[in-house]
Amino acid sequence: MNASLPIAGAATRSVEARGSVVRSRHAALVRVTHWLTTLVFFALLISGGEIVLSHPRFYWGETGNVNERPWLNLHLPSSRDTVPTGYGYVLPDQNGWSRYLHFQAAWLLVATGLIYAVWGWFRGHFRRNVFPAPSDLSFRRLSVSIGQHLRFARPAEEEAWSYNVLQRIAYLAVIFILFPLMIWTGLAMSFGFDAAFPLAVRLLGGQQTARSLHFLVTALLVLFVIVHVVMIVIAGFRRRMRAMITGKMSDGTWNAGQQTAERAGAQES
Ligand code: HEM
Ligand code: HEM
């Protein structure tokens, strides 16, 4: 077992008995809201997938039905016999539980997101850790970072302690553009919301456009999660995951130095 000994003057630092330096990496609120959002995201994705099957075609504007030309036909079998799909069968209707789960999970997502956003804003988390520094937004810095990502290069040690510029831009887009859009387009599909706030639906271009945008933003979020997880695997899955779960991360530079010294010692003996 690792016993931790605090270092004088550094409350967040400790030295484990085995020798590696361990420091705080992620605040408890970031970790709890991150994993809750991940869980809720998958519940929304599965239930949303079931909802798509009740009418796997998408339209622009106010109305959409089997007599209109969709801009996107997924060519999937449907759980409604009113949708002519070309398949000789109708899928079992799973709309009861899937809609119920979708709406329950949606409120949990809104509540979790609000807590994270208000905390992050007022505690300076976004300013310190997520907004990129103006100097990082230069063409040169951005092209270096894009080049590193395209080569799937393992990030430098200091990036374990702070997000790189592309990571920051992606997180900002997800937090402040994609999730708010999911909530707005999700609400816009509700007839009650449309009756209470018609302008919010008209601004999107109508209820069917809201549904199409909800679906397209879902696809972008799925893409984000795939790239996000691949980048974490490249950066060092166990170490990054341990930090996002426990809040603590060991100092990789120190470990690397320690390992080199241990290897040299082993060779000498
Ligand atoms: C809906 C799904 C997800 C979203 C929206 C999401 C979003 C985010 C965001 C915004 C951050 C930065 C948090 C902050 O500092 O405030 C983050 C960090 C992180 N996420 Fe996710 N995430 C998702 C799913 C996942 C999954 C499935 C995994 C792993 C299997 C994961 C692992 C991590 C880790 C390890 C970090 C810390 C990154 C680092 O140390 O470089 N996330 N995520
Ligand atoms: C990341 C979060 C979310 C994901 C991945 C997601 C995904 C989906 C998908 C794939 C559909 C099926 C599209 C269709 O065929 O109509 C759907 C439908 C829907 N979603 Fe979401 N959604 C999310 C968040 C939300 C939120 C926050 C709300 C409400 C505030 C919401 C409300 C709705 C509504 C009202 C429908 C249509 C249900 C129906 O036709 O009965 N969603 N969602």
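If you filter the stretch 150-172 down to residues that are in a helix (DSSP H, G or I) and touching a residue at least 40 places away in the same chain (Cβ under 8 Å), you find that the one that is nearest to ligand 1 (Cβ to nearest atom) is Y171.
Within the stretch 217-244, being within 12 Å of ligand 2 (Cβ to nearest atom) and surrounded by 14 or more Cβ atoms within 10 Å (Cβ to Cβ) holds for V217, T218, L220, L221, F224, V225.
Would a scan of the stretch 226-240 turn up a residue that is farther than 23 Å from R151 by Cα and not basic (K, R)? No, the stretch 226-240 contains no residue that is farther than 23 Å from R151 by Cα and not basic (K, R).
Could you tell me whether any residue of the stretch 199-210 is more than 10 Å from ligand 2 (Cβ to nearest atom), outside any helix (DSSP H, G or I) and under 25 Å from the mean Cα position of the chain (by Cα)? Yes, because at least one residue in the stretch 199-210 is more than 10 Å from ligand 2 (Cβ to nearest atom), outside any helix (DSSP H, G or I) and under 25 Å from the mean Cα position of the chain (by Cα).
Residue-wise test of (1) within 12 Å of ligand 2 (Cβ to nearest atom); (2) closer than 30 Å to A235 by Cα.
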{"position": "W71", "(1), (2)": "no, no"}
{"position": "H75", "(1), (2)": "no, no"}
{"position": "P84", "(1), (2)": "no, no"}
{"position": "G88", "(1), (2)": "no, no"}
{"position": "Y100", "(1), (2)": "yes, no"}
{"position": "R123", "(1), (2)": "no, yes"}
{"position": "P132", "(1), (2)": "no, yes"}
{"position": "L137", "(1), (2)": "no, yes"}
{"position": "L142", "(1), (2)": "no, yes"}
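For the stretch 76-118, filtered to residues that are free of Cβ contacts under 8 Å to residues at least 24 places away in the same chain and among the small types (G, A, S), the residue that is surrounded by the most Cβ atoms within 10 Å (Cβ to Cβ) is A111. Within the stretch 119-169, the set of residues being small (G, A, S) and surrounded by fewer than 16 Cβ atoms within 10 Å (Cβ to Cβ) comprises G124, A133, S135, S138, S143, G147, A153, A156, S162.
Out of (1) closer than 23 Å to S162 by Cβ; (2) modelled with pLDDT under 95; (3) in a loop (DSSP other than H, G, I, E, B); (4) not acidic (D, E), what's the single condition that is false for H26? The single condition H26 does not satisfy is (2). What number of residues in the stretch 107-143 are part of a helix (DSSP H, G or I), over 20 Å from T185 (Cβ atoms) and either modelled with pLDDT under 95 or more than 15 Å from ligand 1 (Cβ to nearest atom) (or both)? Residues flagged as part of a helix (DSSP H, G or I), over 20 Å from T185 (Cβ atoms) and either modelled with pLDDT under 95 or more than 15 Å from ligand 1 (Cβ to nearest atom) (or both) within the stretch 107-143 amount to 9. Go over the candidates V32, V21 one by one and state the one that is closer than 30 Å to R123 by Cα and modelled with pLDDT under 95. Selected residue: V21, the only one of V32, V21 that is closer than 30 Å to R123 by Cα and modelled with pLDDT under 95.
Annotation: D194 fulfils all but one of (1) within 16 Å of ligand 1 (Cβ to nearest atom); (2) of a type outside the set (S, T, Y); (3) touching a helix residue (DSSP H, G or I) at 6+ places or on another chain (Cβ under 9 Å); (4) over 29 Å from F237 (Cα atoms); the unmet one is (1). The residues in the stretch 32-43 that are more than 9 Å from ligand 1 (Cβ to nearest atom) and either within 14 Å of S98 (Cα to Cα) or among the charged types (D, E, K, R) (or both) can be counted, and the count is 1. Take the stretch 39-59 and flag every residue that is among the hydrophobic types (A, V, I, L, M, F, W, C), more than 7 Å from ligand 2 (Cβ to nearest atom) and either surrounded by fewer than 17 Cβ atoms within 10 Å (Cβ to Cβ) or assigned to a helix (DSSP H, G or I) (or both). Across the stretch 39-59, the qualifying residues are L39, V40, F42, A43, I46, L53.
Kindly establish whether Q104 is at pLDDT below 95, within 27 Å of the chain's Cα centre (by Cα) and more than 25 Å from S162 (Cβ to Cβ). For Q104, the condition - at pLDDT below 95, within 27 Å of the chain's Cα centre (by Cα) and more than 25 Å from S162 (Cβ to Cβ) - is not met. Whether a residue is more than 20 Å from F176 (Cβ to Cβ) and without any contact (Cβ under 8 Å) to a residue 40 or more places away in the chain was assessed, and D136 does not pass this test.
The values are calculated or read from the model by the stated rules, or taken from the named source; none is laboratory data. For clarity, every value in this text was computed on a predicted model and none was experimentally measured. Counting neighbours? That spans all protein chains shown, and the Cβs are built from the backbone with ideal geometry, glycine included.
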